[in-house]
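First up is the structure itself, then whatever we jot down about it.
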Amino acid sequence: MKTSIATVSLSGDLAEKLQAIAAAGFDGVEIFENDFLAFHGGPREVGRMASDLGLEIVAFQPFRDFEGLPEPERERAFTRAERKFDIMEELGATLLLVCSNVSPAAQGGIDRAAADFHELGERAAARGLRIGYEALAWGRHVNDYRDAWEIIRRADHPAAGLVLDSFHTLARDLPVDPIRAIPGDRIVLVQLADAPRLAMDPLSWSRHFRCFPGQGDLPVEAFAEAVAATGYAGPLSLEIFNDQFRAGASRRMAVDGLRSLIRLAGRVPALDPGGPVLPPPARCLAVEFVEFAVDEETADALADLFAGMGFAHCGTHRSKAVTRWAQGDINLVINTEKEGFAHSHQIVHGPGVCAIGLRVGDTATAFERAKELKAQTFSQPVGPDELNIPAIRGVGGSLLYFTEPKGALGAVWEHEFTALRPVADGHLQAIDHISQSMHYDEMLSWLLFYTSIFDLRPAPQLDIADPGGLVQSQALLTEDGSIRIVLNGSQATRTLSSRFLSEFFGSGVQHIAFSTGDIFAAVAAMRGNGVALLDIPDNYYDDLAARYDLDQALLDRLRENHVLYDRDGDAEYFQVYTALFADRFFFEIVERRDYEGFGAINAPVRLAAQSRAAPPSGMPLV
């Protein structure tokens, strides 16, 4: 599989874009004309830069408003094309991408357009070049790839071929099965882009909301399967117009792009016949542990909070200043080491989560898939009493460790920790979900990261009202709900999510939710142990009484215990929050009664309560 990306997909100047594309590992690049025009050097210099970086220039694009023009506009269009051919010869590019005409002067007619492309093919062939025709979704007369193909078929010139673009096809809900009948050797380029489903005109949709395959809602896999059926063996190229991508780091976005193509080829193996087989998505079974990196003073306060929530100090690491706190199926680790990764994380970010352990079906397979999908692996010296646990970099530079049910990696606690007491059942049963805060322009990156490596699926994205602005919230879940990860980001600078990023010096875990079978018993135990809970105003409970026909006794219990409530049909959800710890993170206790969501309707009330409770310099989390 030959991979490529258009320079318009990334931020930065042309040199920065080419360097990012090469560093990510792409084979080729499409040079977008605006990037070239803004470059301070000539086409030969661009060509040398690409060549020195090991990149093939697979296309120069776009050439607009060409076919179906009356005279004298028609002749001027051919003159423009010859000038583009001059540039291409110096660039070392052999393919010019021609978009379907959007000019009011354009005249319809398949045969007229075919004649134009035959002549343009003649002129290109005379220079050893080729042209490719793409149907824009908003083209004046040609906005369907089937019409574009008919024009190329009638043009009947070996230097003129078809360009297929997933966005222009899928945005108009065009059928993809007819693609299978197109000869693969007549397709000169395939461009791929996904997008969220939005009710807007195709041009605006295309210019601002495209994303990499796997980040949106379009059936890109069905499109790719149809392309693969043609026998097409040319480049698979990404062409993305997205405001978030233009604001993001070019190297990160380039890695995301290549990751999306590798993931797509793994799901549609016919795209890369004979290529390497991508291991299957890692099967997530549970959260094995959550590790907190803190200094010694903070560790004492955190241990007191854990004890107040019913966790027992069950083990101490055999050679490190690391303790295990457990309850039910929950394992929390406090790390106060003075060197190593956790210490470095604490120095940079302050007290907080530095690592998450995920129990997967097979660690070797999961680690191999992560590497193939360009995840950054992590290792550090292993002591005599430690296991070499596979790990990759996660959100904010934190770590994701892989454990498994059997073998040495299934006995981490027995191998590395001296047991102080057995793990006992308590009111808290398991980790229900982990919420991570990040910059808004990182959300699509981490969505792709998680859903590419693990068997996680995205739930519909939600907009949550914060007193300081809107927060976008994206949940990722396994089919059975054993793992739930929530990504939060905001473009507003005054939301609690955004303030956390400033205080924490980057992305990270904002809060952890624990499940319980009896939230009122759990709350009673925690309050009895002195655990401070988030105060919810009476107005909320007055409104709750109006929204739901609740028994007065239940309503009183909710109010007295600061418990939030939601209902979906017969399914019910109870949630309560601790106060902030170290002005940074907090914990949530939830009781689910066949409820699948996260109580989004309660989020504005909770955020307002946290905003009131936060000290001026504190950064509560979403």
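The values are calculated or read from the model by the stated rules, or taken from the named source; none is laboratory data. All values reported here derive from a predicted model rather than from experimental measurement. Glycine gets a Cβ as well: all are built from the backbone with ideal geometry, and neighbour counts include every protein chain shown.
Residues are listed down the side, and each one gets a yes or a no for (1) closer than 24 Å to V29 by Cα; (2) in a loop (DSSP other than H, G, I, E, B):
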position: A105; (1), (2): no, yes
position: F117; (1), (2): no, no
position: Y133; (1), (2): yes, no
position: L136; (1), (2): yes, yes
position: R154; (1), (2): no, no
position: P158; (1), (2): yes, yes
Which numbered condition L136 fails, given (1) touching a residue at least 40 places away in the same chain (Cβ under 8 Å); (2) in contact with a Cys (Cβ under 6 Å, 6 or more places away or on another chain): (1)
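Which of the residues belonging to segment 38-81 are of a type in the set (A, V, I, L, M) and either without any contact (Cβ under 8 Å) to a residue 40 or more places away in the chain or assigned to a loop (DSSP other than H, G, I, E, B) (or both)?
Going residue by residue through segment 38-81, those that are of a type in the set (A, V, I, L, M) are 38, 46, 49-50, 53, 55, 57-59, 69, 77, 81.
Correct list: A38, M49, L53, L55, I57, L69, A77.
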In segment 180-208, the residues that are closer than 22 Å to R263 by Cα and buried (at least 20 other Cβ atoms within 10 Å of the Cβ): L189, V190, Q191, L192, A193, D194, A195
With the requirement that a residue be within 20 Å of V290 (Cα to Cα) and of a type in the set (G, A, S), what does segment 551-605 give you? A579, A582
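Name the one entry in F586, F574, F520 that is among the hydrophobic types (A, V, I, L, M, F, W, C), in contact (Cβ under 8 Å) with a residue 60 or more places away in the chain and either surrounded by 14 or more Cβ atoms within 10 Å (Cβ to Cβ) or more than 18 Å from G308 (Cβ to Cβ) (or both).
Numbers: F574 fails: in contact (Cβ under 8 Å) with a residue 60 or more places away in the chain; F520 fails: in contact (Cβ under 8 Å) with a residue 60 or more places away in the chain.
The conditions single out F586.
Which residue out of R246, R180, R172 is modelled with pLDDT of 95 or more and not in a loop (DSSP other than H, G, I, E, B)?
On the way: R246 fails: modelled with pLDDT of 95 or more; R172 fails: not in a loop (DSSP other than H, G, I, E, B).
That would be R180, the only listed residue that is modelled with pLDDT of 95 or more and not in a loop (DSSP other than H, G, I, E, B).
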Identify all residues within segment 364-391 that are touching a strand residue (DSSP E or B) at 6+ places or on another chain (Cβ under 9 Å), in a helix (DSSP H, G or I) and not hydrophobic (A, V, I, L, M, F, W, C); write none if there are none. T365, R369, K371
Return the pair list, or none, for Cβ contacts closer than 7 Å from residues in segment 536-556 that are over 22 Å from T578 (Cα atoms) to residues that are part of a helix (DSSP H, G or I), at least 6 apart or on different chains. A545/L555; L550/L544
Which condition breaks for T316 when tested against (1) assigned to a helix (DSSP H, G or I); (2) out of contact with any Gly (no Cβ under 9 Å at 6 or more places or on another chain)? (1)
Would you call G216 touching a Pro at 6+ places or on another chain (Cβ under 9 Å) and under 24 Å from G161 (Cα atoms)? no
For segment 549-558, what are the residues that are at pLDDT below 95 and surrounded by 14 or more Cβ atoms within 10 Å (Cβ to Cβ)? L550
Pairs only if they're at least six apart or on different chains, beta carbon under 6 angstrom, first in segment 337-357 and among the aromatic types (F, W, Y) and assigned to a helix (DSSP H, G or I), second at pLDDT below 95 and surrounded by fewer than 23 Cβ atoms within 10 Å (Cβ to Cβ); list them, first residue then second. F341/Q380
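From R499, R484, R494, grab the single residue that is touching a Ser or Thr at 6+ places or on another chain (Cβ under 9 Å), at pLDDT below 95 and of a type in the set (K, R).
Values: R484 fails: at pLDDT below 95; R494 fails: touching a Ser or Thr at 6+ places or on another chain (Cβ under 9 Å).
Only one candidate passes the filter, namely R499.
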